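See below for the structure under consideration.
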Amino acid sequence: MVADSKSAQRPTKPAVGSAAGASGEVSAGSRYHEDYARAEREPLAFWGEVAGGIDWMRSAATVFDPSAGPYGRWFSGAVCNTCYNAVDRHVERGRGAQPAIIYDSPVTGSKRVISYAGLLAEVRILASVLREMGVSKGDRVVIYMPMVPEAVFAMLACARLGAIHSVVFGGFAANELATRLEDAEPKVVLAASCGVEPQRVVPYKPLLDEALTLTSVKPSACLILQRPQAEAKLVKGRDFDWAAMTDKARAAEKGADCVPVAATDPLYILYTSGTTGRPKGVVRDNGGYMAALLWSMKALYGIEPGEVFWTASDVGWVVGHSYIVYAPLIFGATSLLYEGKPVGTPDAGAFWRVIAEHSVKALFTAPTALRAIKKEDPDGELLKRYDLKGFRTLFLAGERADPATIQWAEKLLGVPVIDHWWQTETGWCICGNPVGLGQLPVKYGSTGVPMPGYRLDALDEAGKPVPTGTMGSIAIKLPLPPGCLPTLWQADERFRESYLADFPGYYRSGDAGFIDEDGYVFVMGRTDDIINVAGHRLSTGGIEEVIAAHQDVAECAVIGVRDEIKGEVPCGFIVLKRGVERSPADIEREIIALVREKIGPVAAFKAAVTVGRLPKTRSGKILRGTMKKIADHDSWTMPATIEDAGALDEVAAALGGRDGA
Ligand code: COA
Ligand code: AMP
């Protein structure tokens, strides 16, 4: 990592992998350049053709309407239903018996295969239950569920009715759930009684109950999936039992048909960390999203309909929305739904077991998962138990993939390991290596080349493109391609301010990096206070808001500190109020518990350090960058603008070492 960040300042020509470790061949004749150029030259023709693979109820009046929304809208005038494209059409065209979802849950010891016909039956029934609860087109439905098939049914049932789902990741606490409920104002909430983590069962229902007391939003009903690991108490008149309601609808032979929606209507809202504790409601439309996902399955991931695609993420994240649920299903592939971890369920061979057992062709996961496996089984002893001969490609995203981890995986698996760069906002990959068009050489440390429709520049602070190979803010020229967010939920102005205002004509990605002479993009880190913890995106500002609310805290700063497995973990520096005489260690413990209670275990907030003062510039800006360097044991220099040099020494001492000058 140290080497990586140095190369960020003075990029040298990066190492080029054979990429082959692997499949052997790097295609000399990739169609990538041709397709990328065509999408740039004739975007309407390019995306219009891609959209030919979608079943529209009415075709678009125009492939792109520049006058609508903050920067334009894709497929304006078209009418469609995303659930129809993901489910019904495959049954109508002979894929009814093919597995749509393979559920493999080592944490509960269960497995289940759901065919496309089975999926259709489940989704029709659940949609009819939701309809009877009053859910109709445009209504919001919050889904707070773990990795169980019912979570997928729930998302698709909403899509079927034209309702807008908003999935909240199970690792978030009641407070975070409440913020999302407040913003989305759901008519109905769908939840499970609990999630199952390797070491413990996490009751979700008490978190939902608490969240509902923290918000003025009152859904008319909550549908609760009871899991045997921890059954929930239902609130009379508000909570309904999932199994009882769906059984009743089944017995009455009910079932809801697909409701036509505009291609530009929202399919879902997915909240993601912004720079404050108030998350941003990323809106995803129906039409553009379907088109982008459809293109990506073949061209980017090299998958054929009927093959098994596995995204080891969570339905609560964007990667789960796009590549556990919508893309594989729209494409007619089989999606693997895994409720487990890369290690400990039961061992570091779990991923290889799943690939072998279910004939997975491509796996998409976060580098952190590989680092966890590598730590436990560096020589791949557990891999020897399994036959992975049908496995073709490993894709990584969610955080920076360090070259050492990529090379370790290439060597171990003998397949191409492809890093690609994404954001919740874009819904699909910005830069990657489209193996389906003919793989390009892998450059270690790079997230590959821009996908069709993404026109990137690295910009200086004035918004001018910087020379090739120089670090800048990576920005995407407007319009964004199909699939990307058209706006934030009921917040066009916040969308403009957050993403479009800094660099006119561009979308500001919030990531910094450089583009090399071959057009490869190197994403090196964020330009804001977002950190990536085990592939989970968190706002240090949001954590600071929680800490600052503690009665004894005068001020605080949270930084992301390098971590061998999780990439980064948050570390909080606290200054206590004058006159506080309690033990700092007690207060630190309370603060750690507070962050867990308010944000959730997923924040992995385990380090709070009390200091006498925070290092600041003379204008009062906290020197987070230097603090991070000290914590990461990188070399650092005393900033000329520092107000009080002793404050940095104190940080270094608190962190137990000072390696810098
Ligand atoms: N519901 C409730 N709690 C959850 C949860 C969920 N859905 N997911 C995670 N948690 C909890 C965990 O139990 C853990 O709690 P703990 O502090 O009591 O141990 C905490 O949140 C942190 O979880 P996690 O980030 O999963 O860390 P871990 O230490 O349990 O496991 C890895 C480490 C690397 C194995 C794991 O982070 C991993 O597989 N990451 C992949 C990330 C990923 O898929 N990202 C999506 C982008 S592609
Ligand atoms: P999320 O919205 O949770 O998907 O997080 C998006 C952020 O994760 C990006 O803005 C990047 O900072 C980071 N990220 C995602 N993929 C990569 C990658 N392949 N390389 C480097 N950073 C990445």
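Computed from the coordinates by the stated procedures, all read-outs in this text should not be read as laboratory data. Quantities reported herein were computed from a predicted structural model and do not represent experimental measurements. Counting neighbours? That spans all protein chains shown, and the Cβs are built from the backbone with ideal geometry, glycine included.
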Give me the distance between the Cα centres of segment 331-387 and segment 162-214, rounded to whole Å. 28
Would you mind getting the Kirkwood hydrodynamic radius of the chain from its Cα pairs, rounded to one decimal in Å? 25.5
Protection proxy (average C-beta count within 10 Å per residue), highest first, orders 165-173, 547-555, 193-201 as 165-173, 193-201, 547-555
Using only the Cα atoms of segment 532-661, construct the convex hull and provide its projected area averaged over every direction, in square nanometres to one decimal. 7.8
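Do you know the relative contact order of the chain, to the nearest whole percent, from alpha carbon pairs under 8 angstrom that are 6+ apart?
14
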Work through the residues other than Leu382 whose Cβ is under 15 Å from its Cβ and net out their charges, Lys, Arg +1 and Asp, Glu -1. -1
How large is ³J(HN,Hα), in whole Hz, for each residue of segment 322-339 in order, when computed from phi with the Karplus curve 6.51 cos²θ - 1.76 cosθ + 1.60 and θ = phi - 60°, using x for Gly and Pro? 6, 10, 9, 9, 6, 5, x, 6, 4, 7, x, 8, 10, 9, 8, 10, 10, 9
With each run of n ≥ 4 DSSP H residues scored as -39500 (n - 2.57), what mean residue ellipticity at 222 nm is computed for the chain after dividing by its residue count and rounding to the nearest 500 deg cm²/dmol? -8000 deg cm²/dmol
Report the Cα centroid-to-centroid distance between segment 405-427 and segment 521-553 in angstrom, as an integer. 24
Going by amide H atoms built from the backbone, whose H comes under 5 Å of the H on Phe75, apart from near neighbours? Phe64, Asp65
Here the net charge surrounding Gly436, from other residues whose Cβ is less than 12 Å away from its Cβ (Lys, Arg +1; Asp, Glu -1), is +1
If you rank Met57, Met245 by fewest surrounding Cβ atoms within 10 Å, what's the result? Met57, Met245
Taking the convex hull of the alpha carbon atoms in segment 407-525, what volume per residue do you get, in Å³? 112
Tell me which of Val318, Leu329, Ala221 sits at the most positive position along the dipole axis of the chain, charges placed on C-beta atoms (Lys, Arg +1; Asp, Glu -1). Ala221
Radius of gyration and maximum dimension Dmax of segment 370-436, Cα, Å: 13.2, 39
If you count, for each residue, the other Cβ atoms within 10 Å and average over each peptide, how do 107-117, 152-162 line up from highest to lowest? 152-162, 107-117
So what's the gap between the Cα centers of segment 459-490 and segment 261-327, to the nearest angstrom? 20
In nanometres, what is the gap between the two model label sites at Ala462 and Lys477, each 7 Å from Cα along Cα-to-Cβ? 2.1
Exactly which GluC sites (Glu not before Pro) in segment 464-549 are in a DSSP loop and have at most 14 other Cβ atoms within 10 Å? Glu517
Exposure proxy check: Ile565, Ile559 ranked by fewest other beta carbons within 10 Å? Ile565, Ile559
Using the Kirkwood radius built from alpha carbon pairs, what does the Stokes-Einstein equation give as D for segment 31-340 at 37 °C and 0.692 mPa s, in µm² per second? 166
Residues Asp377, Asp511 in order from fewest to most other beta-carbon atoms within 10 Å are Asp377, Asp511
So the compactness index of segment 455-506, its C-alpha Rg divided by 2.2 N^0.38 Å, takes the value 1.23
Counting DSSP beta bridges with both partners in segment 170-245, what percentage is antiparallel, nearest 5? 35
